[in-house]
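The values are calculated or read from the model by the stated rules, or taken from the named source; none is laboratory data. Everything numeric in this text was worked out from a predicted model, so none of it was measured. Positions of Cβ are backbone-derived with ideal geometry, glycine not excepted, and every protein chain shown enters the neighbour counts.
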Amino acid sequence: MVLIKLICKHCNGQMELDDSLEVATCRFCGTKHVIVRGAKSTDCKDVNEYVKEGIAFIEMGQFDKAYEHFKKAVDADPNNSDALGWYAIAMSRSSSPMLKSGASSAFEKSYRLSNNEEARGVIISAWLSHEVDFNRVYNAVDDTHKEVVIARMLEGVEKPFLGILLTYIGVFKFLLDVRGEEYVKETIIPKWIEQLKSLLSAGKIYPDPLLVEVAYHNLNDEEKRKAISLLATDACRWPRDTDHHKMRRAAVLRLSVQDEVAFKDAIRVESFLTFKESTQLARENAAFFRSKKEAEKKEKKAEKKGGFFSR
């Protein structure tokens, strides 16, 4: 066994180490180091140095390079919550789908290891920005932080383009699960109606399809026309086999079957519907309103009949 002598980067204590080691811990201050072997000499590097270098790469938007530095820090000190938190952030922003898929587990481990309340709040926000299944975050955090998760969701509802909200439908489902339908109807939907009206008056901003479906029947005819036109036009910007196109197309068709304004505007947007699809939509629209009129007639007859016997 060959022994080498290195100086701790944190306390300047002298470390006598086995030359075969990859990671060393200072016996004086407990700081973990990565052994760096050069062509002519061997040195050590404090784990926190790797973290600082990784943060610098994140600030430059170079997330894959940042990941490499954070990985060295985490490999050397797997229970370092700060290094793990940055490691998770770099993974979530990486260009590699494989790394992205592992970010949630890293976020959860970082949250579990952290004893700092402020750091935990930062981890939760970063985690929610990455995670599609918001319930996973909600179920993983302690009871004291469940309200923090809900608060972040509500921030997203109020500031969809500035906050953490990635998809309206994800937040919608999450709040339905944790707060219930009545809460969503009374608290969330009025905000979404206001948001959609604001977006429509602002100009050519393509709205989210769920936002349009939820708020649609609270719009005036001019706003309805603009909303349907924007959704259909946005759908046409994408190939027909993409999820982006399918989601917007499905929303427009669902509304068009049950609303004359939506129907008329959907068939006006160039390239949105083929002749065959327009014909089918016209049939479904007509059938819906026929059944609606028949239901109204039956209801009126029932009212008259009830009125006669109640005399």
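Being surrounded by fewer than 22 Cβ atoms within 10 Å (Cβ to Cβ), within 25 Å of Arg290 (Cα to Cα) and in contact with a helix residue (DSSP H, G or I) (Cβ under 7 Å, 6 or more places away or on another chain) is the requirement here; does Val261 meet it?
Numbers: surrounded by fewer than 22 Cβ atoms within 10 Å (Cβ to Cβ): yes; within 25 Å of Arg290 (Cα to Cα): yes; in contact with a helix residue (DSSP H, G or I) (Cβ under 7 Å, 6 or more places away or on another chain): yes.
Taking the combined requirement at face value, the residue satisfies it.
Can you tell me which residues in segment 211-254 are of a type in the set (A, V, I, L, M) and not in a helix (DSSP H, G or I)? Working first, answer last.
Residues of segment 211-254 of a type in the set (A, V, I, L, M): 211-212, 214-215, 219, 227-228, 230-232, 235, 247, 250-253.
Listed by number, the list holds a single entry, Leu219.
Looking at (1) buried (at least 17 other Cβ atoms within 10 Å of the Cβ); (2) closer than 23 Å to Lys185 by Cα; (3) free of Cβ contacts under 8 Å to residues at least 24 places away in the same chain, which is the only condition Asn220 fails?
Single failed check for Asn220: (1).
Within segment 197-210, take every residue that is more than 19 Å from Lys173 (Cβ to Cβ) and assigned to a helix (DSSP H, G or I) and give me the one that is modelled with the highest pLDDT.
Taking segment 197-210 first, the residues more than 19 Å from Lys173 (Cβ to Cβ) are 197-206.
Those still in the list that are assigned to a helix (DSSP H, G or I) too: 197-202.
On the way: Lys197: 86, Ser198: 83, Leu199: 79, Leu200: 83, Ser201: 83, Ala202: 78.
Among residues in segment 197-210 that are more than 19 Å from Lys173 (Cβ to Cβ) and assigned to a helix (DSSP H, G or I), the one modelled with the highest pLDDT is Lys197.
Do any helices (runs of 4 or more DSSP H) entirely within segment 1-103 hold 3 or more residues that are modelled with pLDDT of 70 or more and either over 38 Å from the mean Cα position of the chain (by Cα) or among the acidic types (Asp, Glu) (or both), and if so, which?
Values: elements: 47-59, 63-76, 81-92, 97-101.
Ranges flagged: 47-59, 63-76.
Give me a count of the residues in segment 112-132 that are without any contact (Cβ under 8 Å) to a residue 24 or more places away in the chain and either under 13 Å from the mean Cα position of the chain (by Cα) or crowded, with 19+ Cβ neighbours inside 10 Å (or both).
Matching residues across segment 112-132 total 0.
State whether one or more residues within segment 290-304 are surrounded by 14 or more Cβ atoms within 10 Å (Cβ to Cβ) and part of a helix (DSSP H, G or I). It would help to see each step written out before you state the result.
Pass one, segment 290-304, residues surrounded by 14 or more Cβ atoms within 10 Å (Cβ to Cβ): none.
Within segment 290-304 (the criterion being surrounded by 14 or more Cβ atoms within 10 Å (Cβ to Cβ) and part of a helix (DSSP H, G or I)), the answer is no, since none of the residues qualifies.
Provide a single number: the residues in segment 265-302 that are in contact (Cβ under 8 Å) with a residue 40 or more places away in the chain and of a type in the set (Asp, Glu).
The initial filter retains those residues of segment 265-302 that are in contact (Cβ under 8 Å) with a residue 40 or more places away in the chain, namely 265, 269, 272.
From what's left, of a type in the set (Asp, Glu): 265.
So the count comes out to 1.
Filter segment 60-73 down to the residues that are touching a residue at least 24 places away in the same chain (Cβ under 8 Å) and out of contact with any Gly (no Cβ under 6 Å at 6 or more places or on another chain), then identify the one that is surrounded by the fewest Cβ atoms within 10 Å (Cβ to Cβ). Can you show your working first?
Of the residues in segment 60-73, the ones touching a residue at least 24 places away in the same chain (Cβ under 8 Å) are 63-64, 66-67, 72-73.
Cutting the leftovers down to out of contact with any Gly (no Cβ under 6 Å at 6 or more places or on another chain) gives us 63-64, 67, 72-73.
Numbers: Phe63: 20, Asp64: 14, Tyr67: 26, Lys72: 23, Ala73: 27.
Selected residue: Asp64.
Of these, Lys301, Lys276, which one is modelled with pLDDT of 85 or more and either of a type in the set (Phe, Trp, Tyr) or over 23 Å from Asn218 (Cβ atoms) (or both)?
Working: Lys301 fails: modelled with pLDDT of 85 or more.
Only one candidate passes the filter, namely Lys276.
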